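A.B. asks: Pasting a structure here, questions to come.
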Amino acid sequence: MKKTFINKDIAGFTLIEVMVALTIIAISLTALLSTSGAQANSVTYLKQKTLAHWVALNELTQLRILGTLPDAGDKKGSTEMANHEWYWIRTSKKTEQDNTRQITYKIFADKNYEKNLTSIIGYVTQ
C-alpha cells in the first residue's frame, strides 16, 4: 500500500484569505449599487428639468405668436406636457420700449409652487 503525503507548500487559500476577499467584494458591490441609485435619480431629475424648460419655451412662444403684450405683473397658470401638469409663474415687466415686455417664466413640478425646476427670460414685442 502506497502512502500519499500532503505537501503543505501547495495548500489552497486559508479561511482568513477567503473571508478578506469576500469582504472586499461585498464593499465593492455596495458602492456600485449606491452609485447606480444616484445615477437613476439624476436621470429622472434631468428629464423633469428638460421637460420644464420646454414648457417655458412653449409658453413664451405662444405669447409671441399671439402678438399681444401681457399686462405687467405676475400670473400663475399650468400646462400639461408628457402626461404631467406643470405649474408656472409668468412675470411681465415693462421695458424702455412701449411695445416690448420682458417675460420671465418659472416652472414648477408641484401645485404648491415649491419645486422650481427652471426659469427663462425672454422678450415679447407687439
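The values are calculated or read from the model by the stated rules, or taken from the named source; none is laboratory data. None of these values were measured; they are calculated from a predicted model. Neighbour counts run over all protein chains shown; Cβ positions are idealised from the backbone, glycine included.
A.B. asks: Which one of the conditions (1) in a loop (DSSP other than H, G, I, E, B); (2) at pLDDT 85 or above; (3) of a type in the set (S, T, N, Q) does Thr23 fail to meet, given that it meets all the rest?
C.D. replies: It is condition (1) that Thr23 fails.
A.B. asks: Follow-up. Could you list all residues from region 29-85 that are polar (S, T, N, Q), surrounded by 11 or more Cβ atoms within 10 Å (Cβ to Cβ) and farther than 30 Å from Asn99 by Cα?
C.D. replies: Gln48, Thr50
A.B. asks: I've got another one for you. If you go through region 96-114, how many residues are without any contact (Cβ under 8 Å) to a residue 60 or more places away in the chain and either surrounded by 13 or more Cβ atoms within 10 Å (Cβ to Cβ) or within 15 Å of Lys75 (Cβ to Cβ) (or both)?
C.D. replies: Counting residues in region 96-114 that are without any contact (Cβ under 8 Å) to a residue 60 or more places away in the chain and either surrounded by 13 or more Cβ atoms within 10 Å (Cβ to Cβ) or within 15 Å of Lys75 (Cβ to Cβ) (or both) gives 10.
A.B. asks: Does any residue in region 13-27 that is without any contact (Cβ under 8 Å) to a residue 12 or more places away in the chain come within less than 7 Å, Cβ to Cβ, of a residue that is assigned to a helix (DSSP H, G or I) and surrounded by fewer than 10 Cβ atoms within 10 Å (Cβ to Cβ) six or more places away or on a different chain, and which pairs are these?
C.D. replies: none
A.B. asks: So, one more: Can you tell me which residues in region 39-86 are free of Cβ contacts under 8 Å to residues at least 12 places away in the same chain and hydrophobic (A, V, I, L, M, F, W, C)?
C.D. replies: Within region 39-86, Ala40, Val43, Leu46, Ile65, Leu66 qualify.
A.B. asks: I'm checking my understanding of the structure. Among residues of region 115-125 that are surrounded by 12 or more Cβ atoms within 10 Å (Cβ to Cβ) and not small (Gly, Ala, Ser), which one is nearest to Arg64 (Cα to Cα)?
C.D. replies: Val124
Table: residues versus (1) touching a strand residue (DSSP E or B) at 6+ places or on another chain (Cβ under 9 Å); (2) in a strand (DSSP E or B).
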position	(1), (2)
Thr79	yes, yes
Trp88	yes, yes
Lys93	yes, yes
Glu96	no, no
Asp110	yes, no
Thr118	yes, yes
